[in-house]
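Presented below is the structure to which this report refers.
The values are calculated or read from the model by the stated rules, or taken from the named source; none is laboratory data. Computed from a prediction, not measured in an experiment: that's the story for all the values here. All Cβ positions, even for glycine, are placed from backbone atoms using ideal geometry, and neighbour counts span all protein chains on display.
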């Protein structure tokens, strides 16, 4: 991990950009701390970190204020990372089906999501290795964000993650729904009922499949970016219960 920039934000948050091989990322920490911090991995939307930065920073500010370190990394094929012709074709096929009012078939969903999960999850694990090796970060570790299939796979394969807040805002392959039966950590799922980019039934099927004995679904009316403040605050309280 190589840090490339550092700045102090006006609320005494230390923001450092880094690279991990070809993967860009951002780490936010309190300006000063006397003990190792628990860590929240902030799952970004597949828009590129620079595009999503205002939303990510807003979430990071609230989390850091509660005494956490927060980190995010660029997803495969997003931002300035190399594109994937297969992923671009899957996105085009998805948009064409939606524009025509046709159902989005399993083949499109699998081509869109499964390669992303297969590549992103090992990258998150490598980032976690590097982050936990830094002075001042000691765990436990939580995950918060989307793509929900990435969060689901991480919850299955990464034992260092103690709890997760998952954003239901993307299509879910049937294979991921089957994997969800292996998830046992506490979960808090945020679902926007009228999300224009989400298949609501897929999200409900995924939630039903999770094997966790503690899982909460917080569903609210509104579109993809309309998560109400009280829902985000409730998710924060959920993480606090399981990260202290």
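Observations, loosely collected:
- Hits in the stretch 27-48 (condition: more than 17 Å from residue 135 (Cβ to Cβ) and touching a helix residue (DSSP H, G or I) at 6+ places or on another chain (Cβ under 7 Å)): 40, 41, 42, 43, 44, 45
- Just one residue in the set 217, 206, 191 is touching a strand residue (DSSP E or B) at 6+ places or on another chain (Cβ under 6 Å), surrounded by 18 or more Cβ atoms within 10 Å (Cβ to Cβ), touching a residue at least 24 places away in the same chain (Cβ under 8 Å) and not in a loop (DSSP other than H, G, I, E, B); that residue is 191.
- Sole residue being surrounded by fewer than 20 Cβ atoms within 10 Å (Cβ to Cβ), more than 19 Å from residue 158 (Cα to Cα) and over 23 Å from the mean Cα position of the chain (by Cα), chosen from 93, 88, 106: 93
- Looking at the stretch 1-81, the strands (runs of 3 or more DSSP E) lying wholly inside it that each contain 2 or more residues that are within 19 Å of the chain's Cα centre (by Cα) sit at 13-20, 23-30, 37-43, 69-73.
- Screening residue 95 against (1) at pLDDT below 95; (2) touching a helix residue (DSSP H, G or I) at 6+ places or on another chain (Cβ under 8 Å) leaves a single unmet condition, (2).
- Only one entry of 86, 100 meets the criterion of being free of Cβ contacts under 8 Å to residues at least 60 places away in the same chain and within 20 Å of residue 196 (Cβ to Cβ), and that entry is 100.
- Candidates 155, 163 - the one that is part of a strand (DSSP E or B), surrounded by 23 or more Cβ atoms within 10 Å (Cβ to Cβ) and at pLDDT 95 or above: 163
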